[in-house]
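S.K.: Sharing a structure, written as structure tokens. Questions coming.
The values are calculated or read from the model by the stated rules, or taken from the named source; none is laboratory data. Since this is a predicted model, take the numbers as computed values, not measurements. Glycine also receives a Cβ, built like all others from the backbone with ideal geometry; neighbour counts cover every protein chain displayed.
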Amino acid sequence: MVSIFLRSLAYNVLFYALLVFWMLIAIPTFPMPPRAFMVIAKAWSRSSVWLMRVICNTKVEYRGLEKIPKGPLIVASKHQSMWETFALLQFFDAPLFIYKRELAWIPFFGWYLMKSKMIGVDRDGGMRSLMQMARRAPKEIRGGRQLIIFPEGTRRPVGAPPDYMTGVGQIYVSSGVPCIPVALNSGLFWPRRNFMRYPGTLVVEFLDPLPAGLTRKDFIARIRTGIEDATDRLVEAARQEQAQLFGRVPGPKPLKA
């Protein structure tokens, strides 16, 4: 475990150093169209995933990439870790995120969020702020972007009972585009609010896309069932792998549903 601690320390230091490096590299893209910045953002995404494999021995397996539809799309992903907030963007031509407006205050990082026309939400703004987001997101999606959204709204510990919000359903209905659900087990390798990074095989699985035109209620039910069933399967497989590596599953004790 000492080795894992030292590897985690090295990764965390280099991860943020790499972020600063790519933010500086991206400076010339400010006067260019947003797609120029996205080239840099995707390079940051890929390099951060690569760095975790090299330092922490965390391999990544992507399943179902061939299922990703082209064009306007909603990507509804399980959210266990910070990892998927940057790792998923590499697969989409014009990714769109909804972020806490406070992040826009961070020098360079916040400027890039605004430059790439991501959607900032004031969490203290109440219903008015949410309504503005609900109006803007479908418009951006119909314009050709791929919204990467986490239906539970925040990171959930591995094994925590699912808590899907209805907002993603409203965006889906208003957008009139397909949605691809995403299951993963990232929380076992990059736990939320935890310094440690663990070795093993992190799996991201793109599930069968849902067509446009479902009711909001049916949509929420289907993404919840699909994502949770697949995530449980991926987590169980990863726990078995970690038990073989360590003789036990490292990190926090799993929560009971």
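S.K.: Pick from P72, P95: which is at pLDDT 95 or above, under 28 Å from Q132 (Cβ atoms) and over 16 Å from the mean Cα position of the chain (by Cα)?
M.R.: P72
S.K.: Would you mind finding the one in M32, M38 that is surrounded by 13 or more Cβ atoms within 10 Å (Cβ to Cβ), more than 17 Å from W83 (Cα to Cα), out of contact with any Ser or Thr (no Cβ under 6 Å at 6 or more places or on another chain) and modelled with pLDDT under 95?
M.R.: So the residue among M32, M38 that is surrounded by 13 or more Cβ atoms within 10 Å (Cβ to Cβ), more than 17 Å from W83 (Cα to Cα), out of contact with any Ser or Thr (no Cβ under 6 Å at 6 or more places or on another chain) and modelled with pLDDT under 95 is M38.
S.K.: Can you spot a residue in region 59-72 that is free of Cβ contacts under 8 Å to residues at least 40 places away in the same chain and surrounded by 14 or more Cβ atoms within 10 Å (Cβ to Cβ)?
M.R.: No, region 59-72 contains no residue that is free of Cβ contacts under 8 Å to residues at least 40 places away in the same chain and surrounded by 14 or more Cβ atoms within 10 Å (Cβ to Cβ).
S.K.: Could I ask something else about it? Only one of P181, P191 is of a type outside the set (A, V, I, L, M) and assigned to a loop (DSSP other than H, G, I, E, B). Can you tell me which?
M.R.: The unique qualifying residue is P191.
S.K.: I need a count of the residues in region 115-172 that are loosely packed, with under 15 Cβ neighbours inside 10 Å and of a type in the set (S, T, N, Q).
M.R.: Number of matching residues: 2.
S.K.: Within region 178-222, how many residues turn out to be buried (at least 21 other Cβ atoms within 10 Å of the Cβ) and of a type in the set (S, T, N, Q)?
M.R.: Here the count works out to 2.
S.K.: Under 9 Å between Cβ atoms, which residue pairs at least 6 apart in sequence (or on different chains) link something in region 75-103 that is more than 19 Å from K117 (Cα to Cα) with a partner that is small (G, A, S) and part of a strand (DSSP E or B)?
M.R.: Pairs that qualify, where the first residue is more than 19 Å from K117 (Cα to Cα) and the partner is small (G, A, S) and part of a strand (DSSP E or B), are S77/A183; K78/A183; E84/S77.
S.K.: Of all residues in region 81-111, which are among the β-branched types (V, I, T) and within 15 Å of T154 (Cβ to Cβ)?
M.R.: T85, I98
S.K.: Among the listed residues G110, G200, G176, G167, which satisfies the condition of being within 19 Å of G71 (Cα to Cα) and small (G, A, S)?
M.R.: G176
S.K.: Return the pair list, or none, for Cβ contacts closer than 8 Å from residues in region 213-233 that are assigned to a loop (DSSP other than H, G, I, E, B) to residues that are of a type in the set (G, A, S), at least 6 apart or on different chains.
M.R.: The qualifying pairs are G213/G176.
S.K.: Kindly evaluate Y62 against the criterion of being hydroxyl-bearing (S, T, Y), at pLDDT 90 or above and not in a loop (DSSP other than H, G, I, E, B).
M.R.: yes
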